Amino acid sequence: MGRLAACAVLLGLTTVSDSFVYLLLQRGFEVPARWFPLLPLGTAAAFLLLAVPAGAVADRIGRRRLFLLGHLALLVAYGLVLAVPGGPPPAVVPVVVTVLVLHGAFYAATDGVLAAAVAGVVPEAMRARGLALVGTGQALARFACSIGFGAAWTAWGEGPALAVATAGLAVSTPIALAALRSPSCPSAQRTA
């Protein structure tokens, strides 16, 4: 469980708060203020449509693999926000929708899957504590990322702040993959 918890924390340190993602989309792609409340609904809709299929995929390829694939989806979403030139709608609508779908796919591939992976490696007598420990570690890491991202946005601007977070996620994902693939990490294949 220790490696799984460490990977969840490491990846959480590079997971930008949803609010910042929506602000990046609004500012970079000139989403009108009246449409801003729909951005979280786009992520939620993608999550709702993808959560059950993601669970089925996790049962086939393994929970840890899907957890990492979810972070790759998030990495692609960040990359799109960075790489695609902004502009007014409707030209950028496909990019905004793609980012929201990838953002929802990230949650579908990570939220329940991480809990299932932890439950698969923690003894039953300690399962609730194990889930709480990993969940708290990940939440604290995401909180720290939010503070750091907000400070970087204030100091350097939104683009450089997202570039740093994207680079961090690009570096931490292969590290997490290697840690979870390690022969000393039990059940790294299908069951966890």
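Placing unit charges on C-beta atoms (Lys and Arg positive, Asp and Glu negative, everything else neutral), compute the dipole magnitude of the chain about its Cα centre in debye, rounded to 20.
500 debye
Accessible area per residue of the stretch 52-127 at 1.4 Å probe, in Å²? The partial results should precede the final answer.
On the way: 3320 Å² over 76 residues.
In whole numbers, the stretch 52-127 has 44 Å² accessible per residue.
Choose one of 172, 97, 61: the residue whose Cα lies farthest towards the positive end of the charge dipole of the chain (beta-carbon charges +1 Lys, Arg; -1 Asp, Glu; about the Cα centre).
The residue sitting most towards the positive pole is 61.
What is the packing order of peptides 135-145, 5-15, 81-91, 163-173, taking the mean over residues of other C-beta atoms within 10 Å and listing the highest first?
Order by mean packing, descending: 5-15, 163-173, 135-145, 81-91.
First measure r as the distance between the Cβ atoms of residue 27 and residue 175, then evaluate 1/(1 + (r/R0)^6) with R0 = 25 Å and state the FRET efficiency to the nearest 0.05.
Details: r = 31 Å, r/R0 = 1.23.
After rounding, the FRET efficiency stands at 0.25.
Taking Cα pairs under 8 Å and at least six residues apart, what relative contact order does the stretch 1-88 come out at, in percent?
40 percent
Accessible area of the stretch 1-108 with a 1.4 Å probe: how many percent of it is carbon plus sulfur?
The C+S portion of the solvent-accessible surface of the stretch 1-108 is 74 percent.
May I ask you to list, by number, the DSSP H helices of the chain whose Cα span along the axis is at least 20 Å and whose average Kyte-Doolittle hydropathy reaches -0.5 or more?
For the chain, where a helix must reach 20 Å along its axis and average at least -0.5, the hits are 38-61, 63-83, 93-121, 127-156, 158-181.
Compute the label zone of residue 91 within the stretch 18-39: residues whose backbone N is under 15 Å from the point 7 Å along Cα-to-Cβ.
Only 28-31 fall inside the zone, counting backbone N under 15 Å.
Tell me the Rg and the Dmax, in Å, that the Cα atoms of the chain produce.
Cα only, the chain: 16.9, 55 Å (Rg, Dmax).
The values are calculated or read from the model by the stated rules, or taken from the named source; none is laboratory data. Quantities reported herein were computed from a predicted structural model and do not represent experimental measurements. Virtual Cβ from ideal backbone geometry, glycine too; neighbours counted across all protein chains shown. We work out accessible area using only protein heavy atoms, side chains counted, and drop any ligands, DNA or RNA first. Shrake-Rupley method; radii C 1.70, N 1.55, O 1.52, S 1.80 Å.
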